[in-house]
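Engineer: Below you will find the structure I want to go over with you.
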Amino acid sequence: MTKYIQYCTHCVMPETKPDLYIDEQGVCSACRNLEKRQEVDWPARKKELLDILKRYRSKNSSNYDCIIPVSGGKDSHFQVLKILEMGMNPLCVTATTDKLSDIGRRNIENLKNLGLDYIEVTTNPLVRSNINRLALTEIGDISWPEHVTIFTIPVRLAVQLNIPLIIWGENPQNEYGGPAAAGNNNSLTRRWLEEFGGLLGLRVTDLIGQEGIEPQHLIQYTYPSDEDLQRVGVTGLFLGYYLPWDGYQNALYAQAHGFETYHKSIEGSLVNYENLDNYQTGIHDYFKFLKYGFGRATDLACLHIRRGRLGREEAIKLVKMHDGKFPWIYLGCPLEEILKDIDMTVEEFIHICDRFTNKKLFLCDSRGNLVKDKQGNLSKINYDNIIPTSELDWQLTVNHTTVL
């Protein structure tokens, strides 16, 4: 059994985060990537962006210049505002989320009112609720349908409407600008799409035959063929590669243009300006905590530490206060109501939670049962028994100051 979790010595991200690397100095790859971005020649990057946009702008205004996939959130507002400022005529496309919140709907309407054409695609809600339940039960991810369709639906429309350029927001790896930046062979492929909009352990074809789901129900969950992508020349870029990207600044910019924030810090979070559109997000974030030992509060704390807005000691306190609480409520919506849409009881939900909980990370009793408080909250294992060695001094510091 694991004796301790290693945490980044700069932020508070644990080694359990998928694809995270912590180097010999104890600093994680996410912090190192941000350090590299401080050296970027942003004026040169912006010029590169403007050159790409010029290349893809409609020559006779007979079609849209690009597609911008949007949810209505702070980053969507920032994307749209910046592209409009650069003189582009975008078509905004929303893949309707799993359980749209009231504030999410108001922010979508505000985004429309910035002055643009807008298409919102809603997949069959009866089929979608079945997929939500299946995905939660089989892979512990209630948001699988959303994470798939935010990529597939804009790409399908790009093919159908003959709009080559798709502008996404932040590149999660912050390493390159996407295929649009390539001089040659810059079309998307299914392989590229599945890397960034991956199927997360569940293939679309796996759904066929379950809960009455048939192939015709899954059209919007399926990427176009490589032949169709190449015929239209569909390509994409990440705006966050070309412009300095900061969620907090994006939120301020969006608020100045009518974006609405929540009236308090969102449950399980540290802020009031993100993940406002989907009542199921609290469940999604909780399962990340169960699987990897960190949640939304850790994500946000790390972002603010890296940008010098939050000290590490303060971040640790906040994460302990807010991370990984059982999601009895999200955006004011009770868990029972959220689960009703997928025909699941709270008892069934708790059973699924326990099945996906990584018991190496949480306290269990002598029989191997998870230890919970009266609110159903778990406790992370106490890792105080690390044996000191000169080679592991920096790990010992992690043990005494950042094990959450």
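The values are calculated or read from the model by the stated rules, or taken from the named source; none is laboratory data. Since this is a predicted model, take the numbers as computed values, not measurements. Methodologically, a virtual Cβ is constructed for each residue, glycine included, from the backbone with ideal geometry; neighbour enumeration extends over all protein chains shown.
Engineer: Please find, among GLU194, GLU274, GLU227, GLU260, the residue that is out of contact with any Ser or Thr (no Cβ under 6 Å at 6 or more places or on another chain), modelled with pLDDT under 90 and acidic (Asp, Glu).
Structural biologist: Checking each option against the conditions leaves just GLU194.
Engineer: Which residues, taken from segment 336-361, are among the hydrophobic types (A, V, I, L, M, F, W, C), over 17 Å from ILE131 (Cβ atoms) and touching a residue at least 24 places away in the same chain (Cβ under 8 Å)?
Structural biologist: Taking segment 336-361 as the starting set, the residues that turn out to be among the hydrophobic types (A, V, I, L, M, F, W, C) are 338-339, 342, 344, 346, 349-350, 352-353, 356, 361.
Among the residues that remain, those that are also over 17 Å from ILE131 (Cβ atoms) are: 346, 350, 353, 356, 361.
The answer is ILE350, CYS353, PHE356, LEU361.
Engineer: Further, regarding this structure: Looking at the structure I just gave you, is LEU188 at pLDDT below 90, under 24 Å from ASP117 (Cβ atoms) and surrounded by 13 or more Cβ atoms within 10 Å (Cβ to Cβ)?
Structural biologist: yes
Engineer: Which pairs have Cβ atoms under 9 Å, sit 6 or more apart or on different chains, and link a residue in segment 190-211 that is outside any loop (DSSP other than H, G, I, E, B) to one that is at pLDDT below 80?
Structural biologist: Close Cβ pairs satisfying both conditions: TRP192/GLY178; TRP192/PRO179; PHE196/ASN171; PHE196/PRO172; PHE196/GLN173; PHE196/GLY178; ASP206/LEU199.
Engineer: I'd like the residue in segment 259-306 that is of a type in the set (Ser, Thr, Tyr) and not in a loop (DSSP other than H, G, I, E, B) and, out of all such residues, is surrounded by the fewest Cβ atoms within 10 Å (Cβ to Cβ).
Structural biologist: For segment 259-306, the residue satisfying everything is TYR292.
Engineer: Hey, another quick one. Tell me which of these ARG55 doesn't satisfy, since it passes every other one: (1) within 25 Å of PHE151 (Cβ to Cβ); (2) buried (at least 16 other Cβ atoms within 10 Å of the Cβ); (3) modelled with pLDDT under 95.
Structural biologist: Unmet for ARG55, out of (1) within 25 Å of PHE151 (Cβ to Cβ); (2) buried (at least 16 other Cβ atoms within 10 Å of the Cβ); (3) modelled with pLDDT under 95: (2).
Engineer: Follow-up. Condition test on LYS317, is it touching a Gly at 6+ places or on another chain (Cβ under 8 Å), farther than 28 Å from PRO43 by Cβ and surrounded by fewer than 19 Cβ atoms within 10 Å (Cβ to Cβ)?
Structural biologist: Taking the combined requirement at face value, the residue does not satisfy it.
Engineer: Determine which member of the set GLU337, GLU313 is at pLDDT below 95 and farther than 23 Å from ILE139 by Cβ.
Structural biologist: Residue meeting the stated conditions: GLU313.
Engineer: Given (1) crowded, with 16+ Cβ neighbours inside 10 Å; (2) among the basic types (Lys, Arg); (3) touching a residue at least 60 places away in the same chain (Cβ under 8 Å), where does ARG309 come up short, assuming only one miss?
Structural biologist: That leaves (1) as the condition not met.
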